[in-house]
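Peer 1: There's a structure below that I have some questions on.
The values are calculated or read from the model by the stated rules, or taken from the named source; none is laboratory data. Not measured: the values here are computed from a predicted model. As a convention, Cβ positions derive from the backbone with ideal geometry for all residues, glycine included, and neighbour counts pool all protein chains shown.
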Amino acid sequence: MSKLSQRHLLGIKNLTRQDLELIFETADNFKDVINRPIKKVPSLRDVTIANVFFENSTRTRLSFELAEKRLSADVVNFSTSTSSVKKGETLLDTVNNILAMKVDMVVMRHASVGAPHFLAKHIKANIINAGDGTHEHPTQALLDSFSIREKLGAVEGKKIAIIGDILHSRVALSNIFALKKLGAEVMACGPPTLLPKYIASLGVIVEWDVKKALAWCDVANVLRIQLERQQIKYFPSLREYSLYYGINKKILDDLKKEIVLMHPGPINRGVELTSDAADSHHSIILDQVENGVAIRMAVLYLLAGANSPK
Amino acid sequence: MQKKLVLDSNQLDITLDRLCQQLIEAHSHFSDSVILGMQPRGIFLAELIHAKLEKLVKKKIPLGYLDTTFHRDDFRRREIPAKASETRIDFVIEGKNVILIDDVLFTGRTVRAALDAMIAFGRPSKVELLVLVDRKYTRDLPIAADYVGRYVDTLESQRVLVELEAQGYRQNKIWLVNKDK
């Protein structure tokens, strides 16, 4: 019996290695559950969860909703495009109104960095960060590490290269925290304009040449170019980016070694990954999606369980 | 901590032999019977009984592990969430006679959760419960065991401690322990 050191899942930064391992062990059991004929367990039947998404999402939101439903929680969904946020309601007012309807947990995605941390200071419910701006996306990092652990047996000692738009990626930051805590070697690779200035201070290796990065690593986690967050031009054109940083089947074949290819989605096919690479036997992209549900079930279970209603 | 011996290694062996004979009497050829050990502690007992039975009836009997953690009714009512163990049932239980095995029967809540967890794998034609130790007059639910190794009179403040070699103990022993106040 053990529990997480935190009441909320705001980021990987404030979790311990024991927390990560507890989440993985719990997720192992949930992965078994979701592969049964009856994919549901009654653990969270007296818990109500609000999915509050101030930013677009397909995978994360579906994955959270499925995880909640497989745990028998009651689920309410909220997205800004159809809500009163458009009429000028503040974040705290919106969430307090949702909580007034007796909600126990809030899963939130927001475009502003620190939005879930702000909420955690002001409300009682457990908060799970489903992505805050360019800061953290903890459940994605958890499922990425979980997928590496499943594919390679362990994360410790493995070499992982994160390739692409590191500057705008919350997935990259959460992944770096998680992988370092689990004892992996991490490399950040991308054009110099898309690498944050002080990234090396997180203890990662910096590399500008994608071929060198691929030759070095056991696992390549390829990220999308986040055009929607780029206010200025960081590279001349998408075509040029894909020419220098795009990964195709030929590059992978030339490596003459086994490599694991990951992508948090959505893929821009033909930009960071060509179709023949994304669909090759190296890719575990769809396993990541499956593991996402198990990881989110584990996080919800562990957070809800530590919060007794008495 | 006061300890009282309930069963020693020899007595346990005799009891297990008797339980196996009772099972054979009820299931004769085990053609449609399967064994499910309840995680985390019932699986060691299930393995012991399974090995003895296979030797006696000279055929393979399916053995699985059932974890009840996600089906417990005390979730969010305890300080720390219960840690799950592996469920391993690589055979069909639909239409089978299931023998559930656990070490100690106390409130009956784990058995209730087990029945719930088991249904996720299909609808057995019959379910029976075998326990090594039945604590008398302590049930919270209307649940009774079909096969019992030993009935024990206990106080709420006592605990039954099952030590099996398979769990890493030096000798098979069952104790009654007074909990420290």
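Peer 1: Go over the candidates B:PHE70, B:PHE75 one by one and state the one that is surrounded by 14 or more Cβ atoms within 10 Å (Cβ to Cβ), without any contact (Cβ under 8 Å) to a residue 40 or more places away in the chain and of a type in the set (Phe, Trp, Tyr).
Peer 2: B:PHE75
Peer 1: If I ask for residues that are closer than 19 Å to A:ALA141 by Cα and surrounded by 13 or more Cβ atoms within 10 Å (Cβ to Cβ), which ones from the stretch A:260-280 would you list?
Peer 2: Scanning the stretch A:260-280 gives A:VAL260, A:LEU261, A:MET262, A:HIS263, A:PRO264, A:GLY265, A:ILE267.
Peer 1: Let me ask something additional. Considering each residue of the stretch A:44-54, count those that are at pLDDT 90 or above and within 14 Å of another protein chain (Cβ to nearest Cβ), and give that number.
Peer 2: So the answer is 4.
Peer 1: What do you reckon, is B:THR154 polar (S, T, N, Q), free of Cβ contacts under 8 Å to residues at least 40 places away in the same chain, assigned to a loop (DSSP other than H, G, I, E, B) and surrounded by fewer than 17 Cβ atoms within 10 Å (Cβ to Cβ)?
Peer 2: No: the conditions fail for B:THR154.
Peer 1: For residues that are within 9 Å of chain B (Cβ to nearest Cβ) and closer than 30 Å to A:MET101 by Cβ, scanning just the stretch A:5-37, find the one that is surrounded by the most Cβ atoms within 10 Å (Cβ to Cβ). Let's see the steps before the verdict.
Peer 2: Of the residues in the stretch A:5-37, the ones within 9 Å of chain B (Cβ to nearest Cβ) are A:22, A:25-26, A:28-30, A:32-33, A:36-37.
Next, only the ones that are closer than 30 Å to A:MET101 by Cβ stay: A:26, A:30, A:33.
Details: A:THR26: 25, A:PHE30: 27, A:VAL33: 23.
Of everything passing the filter in the stretch A:5-37, A:PHE30 is surrounded by the most Cβ atoms within 10 Å (Cβ to Cβ).
Peer 1: Please count how many residues of the stretch B:67-119 are within 12 Å of chain A (Cβ to nearest Cβ) and among the hydrophobic types (A, V, I, L, M, F, W, C).
Peer 2: Quick first cut of the stretch B:67-119, residues within 12 Å of chain A (Cβ to nearest Cβ) only: B:67-90, B:92-94, B:112-113, B:116-119.
Remaining after also requiring among the hydrophobic types (A, V, I, L, M, F, W, C): B:70, B:75, B:80, B:82, B:84, B:89, B:92-93, B:113, B:117-119.
Looking only at that region, the number is 12.
Peer 1: Among the candidates B:LEU132, B:LEU176, B:LEU161, B:LEU141, single out the residue that is of a type in the set (A, V, I, L, M), in contact (Cβ under 8 Å) with a residue 12 or more places away in the chain and closer than 26 Å to B:GLU25 by Cα.
Peer 2: B:LEU132
Results for (1) surrounded by fewer than 16 Cβ atoms within 10 Å (Cβ to Cβ); (2) farther than 29 Å from A:GLN230 by Cβ, shown as yes or no for each residue.
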site	(1), (2)
A:PHE64	no, no
A:LEU91	no, no
A:ASN96	yes, yes
A:VAL103	no, yes
A:HIS117	no, no
A:ASP132	no, no
A:ARG149	no, yes
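Peer 1: For the stretch A:24-55, enumerate the residues that are more than 16 Å from A:GLY292 (Cβ to Cβ) and among the acidic types (Asp, Glu).
Peer 2: A:GLU25, A:ASP46, A:GLU55 - these are the residues of the stretch A:24-55 that are more than 16 Å from A:GLY292 (Cβ to Cβ) and among the acidic types (Asp, Glu).
Peer 1: Specify which of the listed residues (A:SER57, A:SER83, A:SER72) is at pLDDT below 90, farther than 24 Å from A:ASN175 by Cα and among the polar types (S, T, N, Q). Walk me through it before giving the result.
Peer 2: On the way: A:SER57 fails: farther than 24 Å from A:ASN175 by Cα; A:SER72 fails: at pLDDT below 90.
Residue meeting the stated conditions: A:SER83.
Peer 1: How many residues, within the stretch A:149-189, are charged (D, E, K, R) and farther than 28 Å from A:ALA111 by Cβ? Let's see the steps before the verdict.
Peer 2: Here is the first cut: in the stretch A:149-189, the ones charged (D, E, K, R) are A:149-151, A:156, A:158-159, A:165, A:170, A:180-181, A:185.
Those still in the list that are farther than 28 Å from A:ALA111 by Cβ too: A:149-151, A:156, A:158-159, A:185.
Qualifying residue count for the region: 7.
Peer 1: When you scan the stretch A:86-113, how many residues do you find that are in contact with a His (Cβ under 7 Å, 6 or more places away or on another chain) and modelled with pLDDT of 90 or more? Reasoning before the result, please.
Peer 2: Taking the stretch A:86-113 as the starting set, the residues that turn out to be in contact with a His (Cβ under 7 Å, 6 or more places away or on another chain) are A:92, A:113.
Within this subset, residues satisfying the condition of being modelled with pLDDT of 90 or more are A:113.
The qualifying residues number 1.
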